[in-house]
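Accompanying notes for the structure given below.
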Amino acid sequence: MAETAAALRTVAHNVRAARVRAGLSLEELGRRAQVSKGALVALEKAHGNPNLATLVRLADTLGISVSALMQGQPEGRVRVVTADAVAPLWTGERGSEARLVLTTSGSAPVEVWRWRLEPDEEYPSHPHQAGVVETVSVTSGRMVLVVDGVEHVVEAGQTATFDGDAPHAYRGSGGETCRLIMTVHLPPGPASTA
């Protein structure tokens with residue numbers, strides 16, 4: 001519980017700081033990100049429980065990475081992160097989950113995610129800002145990657161990449177759990193200042 005409260009305080013601080021840097025009112029950020037003003041007020045006060053879709057919309061609108069909303073200041077030159085030490089940002093009803101493990105620094109950050117997709121469980125994602133490129137590398141099992149309504153089967157040992165500014169979804173396929181590593185390559189720009 002204390003970890004969750006601390007994580008929520010970090011998100012609250014980072015959302016408010018990014019909003020102020022961008023010169024946006026709560027109303028304007030809410031309108032652009034399609035998040036209610038009430039939800040934003042609660043979030044900036046470290047109340048509530050924002051889901052992954054809300055965090056992605058806020059990050060895209062603010063021009064920063066999701067992890068820039070979630071992470072505190074780096075502690076040194078090298079970061080080693082154990083995936084199980086990071087709380088899932090999405091969990092499905094059948095046991096699927098997505099964990100944002102870390103984000104690199106620099107002018108064009110890269111988010112590194114670990115996903116587990118159970119058979120026939122799907123996560124639909126809204127389009128990201130222009131310039132975002134996603135790469136999925138399946139380490140076990142099989143998934144169906146849906147980009148702009150077209151399905152692509154990606155099996156263990158295969159990697160797929162696509163422009164993330166189109167509607168897309170990830171779905172477990174076959175009879176076993178699919179495990180994959182996803183990287184989200186963010187475009188250079190305001191994300192580097194966060």
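The values are calculated or read from the model by the stated rules, or taken from the named source; none is laboratory data. In this text, all values refer to a predicted model and were calculated from it rather than measured experimentally. All accessible areas refer to the heavy atoms of the entire protein, side chains included, with ligands and DNA or RNA removed. Shrake-Rupley method; radii C 1.70, N 1.55, O 1.52, S 1.80 Å.
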- Please identify, among VAL86, VAL110, VAL35, the residue showing maximal mean-square fluctuation in a Gaussian network model of the chain using a 10 angstrom Cα cutoff. VAL86
- Query: Leaving out ligands, DNA and RNA, what percent of the accessible area of the stretch 88-194 is carbon and sulfur, probe 1.4 Å?
  - Reply: 49 percent
- Message: Show me, bin by bin at 10 Å from 0, the whole-percent P(r) of the stretch 93-194 based on Cα pairs.
- Response: 16, 48, 28, 7, 0
- Note on the structure: the chain: relative contact order from alpha carbon pairs under 8 Å, six or more residues apart, as a whole percent, is 20 percent
- Per the Cα gyration tensor, the chain corresponds to an equivalent ellipsoid with semi-axes, largest first in Å, of 27, 18, 17
- Item | Within the chain, helix-based [θ] at 222 nm, where runs of 4 or more DSSP H residues each add -39,500 (n - 2.57), nearest 500 | -8000 deg cm²/dmol
- Note on the structure: Probe 1.4 Å, all chains present, heavy atoms only: THR183 accessible area in Å², nearest 10, is 30 Å²
